[in-house]
Amino acid sequence: MKTRNYKFRLYPNDSQEKKLQNNLAVCRWVYNKFVECAQKGFISRNDCNYYLVELKQQERWLYGYYSKMLQAISAQIDSAQKVIIELNKKGYHTGNLRFCKYHDYRTFTYNQTGFKMEQHGNTDLLHLSKIGWIEIRQHRDFPQNSKIKQVIVTKSKSERWFVCVTVDISESLVDIPKISFSRSVGIDVGVKSFAYDSNGNQTPNPKNFQKMLKPLARVQRKISRRKKGSNNRLKAILKMQKIHEKIANKRKDFQHKLSTQYAKNNDVVFVEKLQKLNMVKNHRLSRSIMDASWGIFLQKLEYKCKMVIEVPARNTTIDCSRCGNKVPKSLAVRIHRCNFCNLVLDRDYNASINILNKGLNKLPQELREVTLVEMPKVSKKQEEATQFVG
Ligand SMILES: [Zn+2]
């Protein structure tokens, strides 16, 4: 059994939007009631559900809302408390659960039942119990043998409504993928280029964020100039959140396209183990965003590719990928130049070949039916680039 998530945009009419908004408000109210209890001591999922029954008897209007949606909050509280307990065990200092503010509560969940999806003519519709049929743009079909497990309705920061549909897909035995290690690639992620692979493909860093920094700074200045609580300030805040959403969307789009391409062309992808410590040390904003974006890119690779293997990062930039000679270099040196075998090529390209070879070497003997990559000839373009640098 495999699960997959699909995100679709919802187009509620005015009265439906009011109902959705109401749902959020009620869920938040219940959530905060639970938090109030949790602050006095651990409250389990069952306790929450009992408390919910009591609440309903006091506040009869709660019956107007889908009961399973409210019960899902119990599970949410339960797991949030467990996370805090785990963190405390590891020695992190965490506070108690906090009350959720109006604008921060943005999702509610219908689990197992209470929803239906149908197509009427050209329009796709989602039925939510106690709310009704809402227009939805289902831009992608579900695979065969799939069953909807739950739907999560979200209001984005730019006030648009989305639904995340979780689908269970039953797989037959025939579908188990065959893996061929001859279809392997090593990928090096870096600052200069987002990814450089052992086939010599270079993917430059998307400049999305840099491009959006100016409008972002402009709108942030506006916010700081305007009076707190004023309508104009709220408008500017909404605008800022829209820009943030746009950046996030562009990044997602870029990462999806690149990871899909790698998943299509390769069975096995070797990547460097990202060093978390180095990431935290770096204080520059743009750099830290890049770091985060690699992590998310790796996650996408992991669920799309048949196999992703992490290779320890030790010496991948220093070793010569042809002869193994060590060529130490600072971050500023972009070209790998080996004095022993006269290999000259881009440092990230060299690293990606090392990652691939290291990865293949580490495989158990029975899997290693492929030979290591032979050193590709340096292309003319690269030679020119090298001459220019040298
Ligand atoms: Zn060499």
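Observations, loosely collected:
- Pairs of alpha carbons in the chain separated by more than 27 Å make up 65% of all such pairs.
- Two-site FRET efficiency, SER230 against HIS103, from Cβ-Cβ distance with R₀ of 22 Å, rounded to 0.05: 0.85
- Net charge, ALA75 excluded, C-beta distance under 11 Å - Lys, Arg +1, Asp, Glu -1: +2
- Just the protein heavy atoms count here, and of the accessible area of the chain at 1.4 Å, carbon and sulfur take up 51 percent.
- Fully extended contour minus Cα-Cα distance, from GLN241 to ASN201, at 0.36 nm per residue: 10.9 nm
- Label-point gap, in nm, between ILE223 and GLU36 - each point 7 angstrom along Cα→Cβ: 3.1 nm
- Contact order relative to length of segment 1-122, as percent, for alpha carbon pairs under 8 angstrom and 6 or more apart: 36 percent
- Gain in span if fully extended, LYS214 to ARG137, counting 0.36 nm per residue against the direct Cα distance: 24.4 nm
- Spacing of the modelled spin labels on ASN96 and GLU159, each 7 Å from Cα toward Cβ, amounts to 3.5 nm.
- Length added when fully stretched, TRP61-MET307, from 0.36 nm per residue minus Cα-Cα: 83.5 nm
- Positive end of the dipole of the chain (Cβ unit charges, origin at the Cα centre): among ILE148, ASN249, TYR102, the Cα lying farthest that way belongs to TYR102.
- Taking all Cα pairs closer than 8 Å and separated by 6 or more residues, the relative contact order of the chain comes to 15 percent.
- Among GLY324, GLY186, GLY121, residue whose mean-square fluctuation peaks in a GNM of the chain (springs only between Cα atoms under 10 Å): GLY121
- Close amide H pairs (under 5 Å, H built 1.01 Å from N) link TYR11 with GLU135, ILE136, ARG137, residues at least 5 positions away or on another chain.
- The spacing between segment 90-107 and segment 1-31, judged by their C-alpha centroids, is 21 Å.
- Protection proxy ranking, peptides 228-238, 75-85, average beta carbon neighbours within 10 Å, highest first: 75-85, 228-238
- Efficiency of FRET from Cβ geometry, TYR50 and ILE179, R₀ 51 Å, rounded to 0.05: 0.55
- Unpaired Cys in the chain, meaning no second Cys C-beta under 4.7 Å: CYS27, CYS37, CYS48, CYS100, CYS164, CYS305.
- Residue among ASN13, ASN46, ASN122 with the largest mean-square fluctuation in a Gaussian network model of the chain, springs linking Cα atoms under 10 Å: ASN122
- Label-point separation, GLN299 to LYS329 (7 Å along Cα→Cβ), nm: 3.3 nm
- Assuming charge only on the beta carbon of Lys and Arg (+1) and of Asp and Glu (-1), the dipole of the chain about its Cα centre is about 2080 debye to the nearest 20.
- Over the chain, accessible surface divided per residue gives 62 Å², non-protein components excluded, 1.4 Å probe.
- Computed over neighbours whose Cβ is under 12 Å from that of VAL308, the net charge equals 0, Lys and Arg +1, Asp and Glu -1.
The values are calculated or read from the model by the stated rules, or taken from the named source; none is laboratory data. What you see is a predicted model; the values in this text were computed from it and never measured. Positions of Cβ are generated from backbone atoms using ideal geometry, with glycine treated the same way; all protein chains shown enter the neighbour counts. Heavy atoms of the whole protein, side chains included, go into the accessibility calculation; ligands, DNA and RNA do not. Shrake-Rupley method; radii C 1.70, N 1.55, O 1.52, S 1.80 Å.
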